[in-house]
Amino acid sequence: MQRTLVKDALNAPGPLDAILLQGWVRTRRDAKALSFIELNDGSCLKGMQVIVDAALPDYANVARANTGASIEVHGKLVESKGGGQKWEVVAEKFTVLGEADHTYPLQKKGHTLEFLREIAHLRPRSNLFGAVFRVRSRLAYAVHQFFQERGFHYVHAPIITASDAEGAGEMFRVTTLDLENPPHTEDGKHVDNSKDFFGKKAFLTVSGQLEAEIFASALSSVYTFGPTFRAENSNTSRHASEFWMIEPEVAFCDLAGNMTLAEDFVKYLIRDAKEHCAADLAFFSQFVDKGLNERLDFVLQRPFQRCSYTEAIEILNQSGKTWEHPVAWGDNLQSEHERFLSEEHFKCPVTVYNYPRAIKAFYMRQNAGCEPGRETVAAMDLLVPGIGEIIGGSQREERLEQLRAGMMLHHLDEKNYWWYLDLRRYGSVPHSGFGLGFERMLMFVTGVGNIRDVIPFARTPGNAEF
Ligand code: 4AD
Ligand code: MG
């Protein structure tokens, strides 16, 4: 007999004479002549109530069905007499597949998130993490749907790479050299990297953007969606050493078009979650973030604000706030500034654009007509309430000489980017793109406050368990 998922059983149009459920025991309550078991199989937040009559030949098995045990139930789907649920299953055959004893760590509700991180191999069985990872799965699907519906092609950017896409030097090295006893150059002074696996130094990618630009210069509209790695030593609730990024890249598109795409994309993902993960979102707004529903609706209803970096600095300096990090024109915006802009000033997502050239990546397009000493590039960051930066992007420098100047300014060696420069030599076009941090988007949609709780197995400085 075929298994039915709890999600489908709960939505059954009518009673069923025969049904097979498989899952894990959440709770069990034994009354005199009956036992009540809540069976959860992860297909949805809710479990199915299973009733086992003490007169059943299998009833002896029930005593072994403790919280955490895996079970299989053949029975009838009948209308529930109790409140709280429409359907319940009256067991006819009851089997325990795998026992769980009193040491099972998820006995009671009310564990701290910190504790649950230590049992990342079991936390998907809790209500909160079941919901988080269902939303994660759904939104990954929606990412593809959004771009495929718009004629974008999916590009698999490499994970091992020799070039630093952000030029920020925050890369993890990939090597097969014997670190205790590496080969040396003939003069004995340096490690001979030509003897390494790839014949040169290699790293884990920080971004698939440069490769996406190659493909946008051929297929017009593309996106990547894959893991990216940053060896930045920031232990915050928004930074992970391994995270997933979505990077669209669009030929013949300028900064304004890029901002519109980013706004449409974020709104699409929110709408999709509301439509397909309603029960999970309701759970988050009850237990994680009371204002979640209103916040998501508010974000959908209004156009995102747009504000230049120069205006943003003025707003920050006229706010009357005392900042932990005071800001002047030319400084990077810190999290406190980003959050003030979106949470308190605009009270809505805001795209800040045209940042100082010196603080942004080498590939961003130089703006014309800047005051001397105030050169800017066509960069954009989307800032959202509760999180700050969720998207970073730009129009790219498509002019060869300007791009070389940008590389010089950022002390990058042209030799390592010869192919990237070639794109500006042959059929160069104006083009733009951005990166959305998938985990930050999940934090925004679920209200979960720590990035470690929206990724199955978080990698952060000092932590790579599981
Ligand atoms: O602003 P970033 O560094 O931009 C890029 O990597 C560009 N190449 C993107 C592009 O234009 N194609 O990163 C983009 C986004 C950030 O806005 C943030 O949401 C996320 O990636 N992000 C991180 N998420 C989690 N942990 C980290 N350490 C992150 N660093 C960036
Ligand atoms: Mg950024």
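Among DSSP beta bridges whose residues both lie in region 20-105, state the antiparallel percentage, nearest 5. The antiparallel fraction comes to roughly 90 percent.
When the solvent-accessible surface of protein heavy atoms is calculated with a 1.4 angstrom probe, in what order do 154, 417, 426 fall, highest first?
426, 154, 417
Hydrophobic, long helices, defined as DSSP H runs whose alpha-carbon span along the helix axis is 24 Å or greater and whose mean Kyte-Doolittle value is at least -0.5, occur in the chain at 127-149, 255-276. List the aspartates and glutamates whose Cα lies under 14 Å from the Cα of residue 200, skipping any in the same chain that are fewer than 8 positions away. Candidates past the 8-residue exclusion: 164, 192. To the nearest 10, the accessible area of residue 112 is 80 Å² with a 1.4 Å probe. The orientation-averaged projected area of the convex hull spanned by the Cα atoms of region 348-466 comes to 10.4 nm². Of 201, 267, the order by accessible heavy-atom surface (1.4 Å probe, DNA, RNA and ligands excluded), from most exposed downward, is 201, 267. Per-residue ellipticity at 222 nm from helix content only, as computed over the chain with -39500 (n - 2.57) for each DSSP H run of at least four residues, stands at -8500 deg cm²/dmol.
All C-alpha to C-alpha distances of region 265-354, sorted into 10 Å bins beginning at zero, yield P(r) values of 15, 39, 27, 17, 2 percent in whole numbers. Here the accessible area is traced with a 1.4 Å probe on the protein chains. For the chain, carbon and sulfur cover 52 percent of it. The lysines within cross-link reach of residue 195, meaning a Cα-to-Cα straight distance under 30 Å and a gap of 8 or more places when in the same chain, are 415.
When N counts the residues of the chain, how does its alpha-carbon radius of gyration compare numerically with 2.2 N^0.38 Å, as a ratio?
Relative to the 2.2 N^0.38 Å estimate, the chain comes out at 1.18.
Within straight-line reach of residue 7, meaning a Cα separation under 14 Å, sit the following aspartates and glutamates at least 8 residues removed in sequence or on another chain: 38, 41, 88, 280. Would you mind checking the pairs 201/360; 86/108; 46/267; 32/109; 109/290; 267/347 and listing those with alpha carbons more than 23 angstrom apart? Exceeds cut-off: 201/360; 86/108; 46/267; 32/109. For the pair region 353-382 / region 1-67, the C-alpha centres are spaced 60 Å from each other. Relative contact order of the chain, taken over Cα pairs closer than 8 Å and 6 or more residues apart, is 13 percent.
The values are calculated or read from the model by the stated rules, or taken from the named source; none is laboratory data. If you're wondering where the values come from, they're calculated on a predicted model, not measured in any experiment. Just so you know, the surface numbers come from the protein's heavy atoms only, side chains and all, with ligands and any DNA or RNA stripped out. Shrake-Rupley method; radii C 1.70, N 1.55, O 1.52, S 1.80 Å.
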